[in-house]
Amino acid sequence: MQTGQPLYPVTVINMFTKQAVSTGEKGVYSIPANPGDVITFSYIGYKTIQKTKPISVLIATLNISLEPAEYQLQEFMLRPGHLTQYQMDSTERASIYKVPLQRTHPNPIMSPASAIAELFSHRAKTVYQFQKNFAAGEVEKFIDSRYSPELVTRLTGITGDSIGHFMYAYPMPLDFARIASDLELKMWIRDNYKKWSRNQVSDIVADKH
């Protein structure tokens with residue numbers, strides 16, 4: 001809580017029973033735990049911490065403060081056997097469109113004539129627009145690879161048009177899709193489904209009035 005405000009939803013896991021819950025909008029949580037059980041608290045962009053339920057008490061109240069995480073990316077090499085289906089498809093698409101994707105604007109200092117000609121080139125404008133569209137499409141495909149209708153149905157039980165209504169109401173942010181663990185992603189879907197369900201009930205009640 002760098003700002004002193006409640007974080008929502010923080011994932012809370014009993015490491016002994018593997019039961020997981022998430023905090024409410026006011027930061028409140030409740031999870032079954034025996035004395036001595038280790039409880040972890042995690043939230044995107046913050047350091048995960050662990051707390052042990054005191055052995056001397058049956059009901060414990062733990063006020064938790066999370067610290068922002070500092071990430072340092074490690075250099076690594078992708079190998080074919082380690083790639084996801086999205087990564088393999090993305091690599092193939094990048095290879096197919098390699099030429100237009102590698103086109104860059106001429107340096108106005110080193111090649112002023114070329115830079116001016118580029119401004120009036122319909123072909124150049126088309127290529128650069130394609131690059132933007134391609135990048136946007138890759139973002140959408142990546143999110144779809146993690147936030148799919150099949151996963152939503154498996155976690156919530158909703159089917160048909162309701163899936164589209166739910167996913168449209170709660171689009172997944174790119175940054176979250178990139179760094180969330182599978183458990184955090186599932187908790188995010190379930191938490192938003194609860195809110196979506198409450199809104200559906202409210203709308204039905206409003207229509208009746």
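Values quoted throughout were computed directly from the atomic coordinates according to the rules given, and no laboratory measurement underlies them. Keep in mind it's a predicted model, so treat the numbers as computed, not measured.
Overview of results
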| read-out | value |
| --- | --- |
| Whether the range 12-63 is rounded, prolate or oblate, judged on the alpha carbon gyration tensor where a/c under 1.5 counts as rounded | prolate |
| Tail weight of P(r) past 22 Å, computed on alpha-carbon pairs of the range 115-209, percent | 47 |
| Of Lys18/Lys141; Lys47/Lys132; Lys26/Lys132; Lys18/Lys47; Lys47/Lys98; Lys98/Lys141, pairs whose Cα-Cα distance is over 29 Å | Lys18/Lys141; Lys47/Lys132; Lys26/Lys132; Lys47/Lys98 |
| Phi to ³J(HN,Hα) by Karplus 6.51 cos²θ - 1.76 cosθ + 1.60 over the range 119-136, Hz, x for Gly, Pro | 5, 9, 8, 5, 4, 5, 4, 5, 5, 5, 5, 4, 4, 5, 5, 5, 4, 5 |
